[in-house]
Amino acid sequence: MGFTSHKRHLIAGNWKMNELLSEAKDLVTHLGENPAEDHVEVALMPPYTLLHPLADLLGERNIRLGAQNVYFEPQGAFTGSISPLMLRDAGCHYVIIGHSERRDIMGETNEQIRAKLHAAWESGLEPVLCIGEHLDERENGETNAVLRSQLVVLEGAPEGAPITVAYEPVWAIGTGKTATAEQVTETHAYIHEELTRLGMDCRVLYGGSVNPGNAEELMACPGVEGALVGGASLDADSFTAIIQAAANVANRV
Ligand code: 13P
C-alpha cells in the first residue's frame, strides 16, 4: 500500500459542511506557508467540493488533504456517492470514517464503516476512524464497552494497514465542553490497550471542542498523538495556535 506508519502528532482540521471556495482560499492563505513542524503533521479535511481546488492551492506545502467520508463501492450506479479512488485522484491521503455525525444523523452502521475501511485501504487511503461515547453512556459507566464495540470494525484489518483513530466523545463535539485531562488520559490508555489486543499500533487523536486555550493540556496527555479539530479549524489563527501547541508538547518530549 506504500505507507509507512509513524507516530508524528497529527493536527487535522475537519471543516464539516462549511466553507465556500473564496473562504477556503482566505483560510489557507492565512495558515502561512508551512505551519507543520518536524514533530507535527497538518491535514485539512474540507467538503468534497473543495478537495481539487485545495490540492492545487496547497501545492508543495506541507499540508495533507483528507475527505470526511467515502462510499465503499469502487464505481457504478451509486448516485451522489464518492469512491476511494476519486478521493485519491483529488489528492487525498486521509479519509474520516465513522464520524459520530454520520453515525447519529445518517445512521451509519459498523457494517458500513468496516466496508468503508477496507475500501479505503484498497485504494491506498489512510482512514481516520472516529469513535466516542454519548453523554448518557459515559454517565452509565459504559464508555469502554461502547468504544470496544466501535473498534471491532478493525478486526480482520490487513497486516500493516495504515490507520489513525480519533477519540471524540460525542458530548464534547461542538459543545465547548472538553473532556478533562484525566478522562482523556484514562480513555486513551484503554483505546491503546484495545488496539494492541487487535494487533494494531497507531496514533490516537483527541477531538471535541479543542481550541487554542486547551490544546496544549490535551496534547500533553499520555496516549494522545494529535487532534481532530472542528470549529476551531475554521479560523486560521486558532488552527495555527493549536498546531503550535502540539509542536510545543512534541518538542518537550
Ligand atoms: P469541534 O472541534 O467543533 O467540537 O468538532 C470536533 C469534531 O467533530 C471533529 O471531527
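I'd like the residue in the stretch 37-55 that is charged (D, E, K, R) and not in a loop (DSSP other than H, G, I, E, B) and, out of all such residues, is modelled with the lowest pLDDT.
Ranking the qualifying residues of the stretch 37-55, first place goes to GLU37.
Selection of the stretch 146-205 for residues being in contact with a His (Cβ under 9 Å, 6 or more places away or on another chain), at pLDDT 95 or above and acidic (Asp, Glu) yields only GLU168. Within the stretch 1-36, if we keep just the residues that are assigned to a loop (DSSP other than H, G, I, E, B), over 19 Å from the mean Cα position of the chain (by Cα) and more than 17 Å from PRO212 (Cβ to Cβ), the residue that is modelled with the highest pLDDT turns out to be LEU20.
When the stretch 150-172 is filtered for residues that are closer than 22 Å to MET219 by Cα and either of a type in the set (Phe, Trp, Tyr) or surrounded by fewer than 18 Cβ atoms within 10 Å (Cβ to Cβ) (or both), the ones remaining, listed by number, are TYR167, TRP171.
Among the criteria (1) within 14 Å of the chain's Cα centre (by Cα); (2) on the phi < 0 side of the Ramachandran plot; (3) among the polar types (S, T, N, Q), the one SER238 does not fulfil is (1).
Being in a loop (DSSP other than H, G, I, E, B), under 20 Å from GLU101 (Cβ atoms) and more than 16 Å from the ligand (Cβ to nearest atom), is that true of even one residue in the stretch 122-145? Yes: the stretch 122-145 contains one or more residues that are in a loop (DSSP other than H, G, I, E, B), under 20 Å from GLU101 (Cβ atoms) and more than 16 Å from the ligand (Cβ to nearest atom). Among strands (runs of 3 or more DSSP E) entirely within the stretch 153-253, having at least 2 residues that are within 10 Å of the ligand (Cβ to nearest atom) and in contact with a helix residue (DSSP H, G or I) (Cβ under 7 Å, 6 or more places away or on another chain) singles out 226-229.
The values are calculated or read from the model by the stated rules, or taken from the named source; none is laboratory data. Please read all numbers here as calculations on a predicted model, not as lab measurements. Note that each Cβ is placed from the backbone with ideal geometry, even for glycine, and that neighbours are counted across all protein chains shown.
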